[in-house]
Structures are given as C-alpha cells and as structure tokens.
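Some notes on the structure that comes next.
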Amino acid sequence: MRIGILGDTHDHLPNIRHAVGLLNRKAEGLFLHTGDFISPFVIPDLAGLEGTVIGVYGNNDGDRDLLRIRCGDTGNVRIEGNFYEMDCDGLRIALLHGHEKTLLADLIESGLFDLVVHGHTHRASISSRGKTLVINPGEVCGYLTGAPTCALYDTRSREGVILPLL
C-alpha cells in the first residue's frame with residue numbers, strides 16, 4: 001500500500017488542493033497528516049483525499065473542538081489527538097507533530113515502530129535509525145522553506161519519497 005503523507009498545511013488552500021490532487025494520483029486510500037491544519041475551514045479540502053485521512057494536532061492548531069466537528073462532517077477525515085499509532089500491512093506506525101523533541105527522539109530510539117511520521121520543522125526528510133524509518137513530509141504551505149512538499153510511503157518496499165508540490 002502507498003500511504004500519502006502531508007502536514008504543516010497552515011491554511012494554504014491552493015497548495016492543499018495541489019497536494020490532494022497529487023496524493024490522490026499516487027497513494028492508495030490512506031493519508032496521514034502531521035498536524036498544523038490551523039483553521040477548520042481547511043478540513044473540507046482535505047476531505048477531497050480519496051480514502052481515510054488520519055491526523056494529529058500540531059502546536060499551532062487553535063480551535064481543536066471545531067476542527068473535530070468539521071472532521072465529523074466529512075466522513076473520511078479524523079484527528080486522533082496529539083499522538084496516534086496504528087498497524088498497516090504488518091507494520092507499526094507512529095504519527096505525531098514532533099514539536100515535543102524528547103518524545104519524538106524517544107519514539108525513534110525505542111525501536112518499537114517500523115515508521116515514525118512527524119512534521120513541525122517544515123523541512124522534508126527521510127532517515128532511518130535501526131529498523132525505524134522516519135519521514136517528515138515537509139510543509140504543504142511552503143511558507144518557511146519556499147518549497148512545498150508532501151510524501152509517500154510504500155508499505156511493500158518500506159521506502160519513502162518526498163514529493164515536491166511546485
């Protein structure tokens with residue numbers, strides 16, 4: 001399965017729409033969002049992803065109650081708090097925003113996860129520590145780096161790739 005990964009969308013609707021189109025062509029029905037949605041009005045655009053969208057809160061997400069309400073209106077988008085773990089194709093995956101640096105480092109070092117997905121830095125990266133692959137999809141918004149990105153992870157090959165949005 002190819003999982004679409006995005007985050008740090010920060011209300012940038014044109015780039016969100018571009019990421020949705022790209023990930024709908026590349027991924028296979030599961031999408032992970034690393035947080036910093038920011039405003040509830042972005043949720044309907046993220047609902048355009050063709051499959052299940054699982055997100056976590058980022059440090060800049062304000063009205064969390066309204067974000068959850070908007071997610072409930074979509075039928076395919078949900079926010080699972082500050083941390084989420086799941087099994088997919090026999091792999092254990094951790095999802096968090098990453099602004100709590102000690103927690104992020106501990107999850108990576110634990111060796112309990114095949115994949116740790118995080119955002120926060122706005123810098124796209126793929127690295128590994130032991131058996132754990134770590135993916136930061138970068139920023140959809142493009143505000144800090146000027147280079148908006150998202151990512152894709154293939155559970156069969158266990159490889160990730162950063163996808164530029166421009």
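For this structure, a couple of remarks:
- Annotation: amide H of V134 within the under-5 Å range of V116, S127, S128, R129, sequence separation 5 or more or interchain, hydrogens built in the peptide plane.
- Checking every one of the chymotrypsin sites (Phe, Trp or Tyr not before Pro) in the range 16-82 against DSSP loop status and a limit of 14 other Cβ atoms within 10 Å picks out no site at all.
- The chain, relative contact order in percent, only Cα pairs under 8 angstrom and at least six apart counted: 24 percent
- Adding -39500 (n - 2.57) for every DSSP H run of four residues or longer, then dividing by how many residues the chain holds, sets the calculated 222 nm ellipticity at -7000 deg cm²/dmol.
- Cα extents for the chain along the principal axes, largest to smallest and rounded to whole angstrom: 39, 32, 31.
- In the chain the longest region clear of trypsin sites (Lys or Arg not before Pro) that are loop-assigned by DSSP and have at most 12 other C-beta atoms within 10 Å covers 1-130.
- Percent antiparallel among DSSP beta bridges (both partners in the chain, rounded to 5): 55 percent
- Measuring between their Cα centroids, the range 100-127 and the range 1-52 lie 20 Å from each other.
- Most mobile listed residue (D36, D61, D87) in the chain, GNM with C-alpha springs under 10 Å: D87
- The label point for C88 and the one for E109, both projected 7 Å from the Cα toward the Cβ, are 2.7 nm apart.
- Between E50 and E100, the modelled labels are 3.7 nm apart [label points 7 Å from Cα along Cα→Cβ].
Computed from the coordinates by the stated procedures, all read-outs in this text should not be read as laboratory data. Since the structure is predicted, the reported quantities are computational estimates derived from the model, not experimental observations. Every residue, glycine among them, receives a Cβ derived from its backbone with ideal geometry; neighbour counts consider all protein chains shown.
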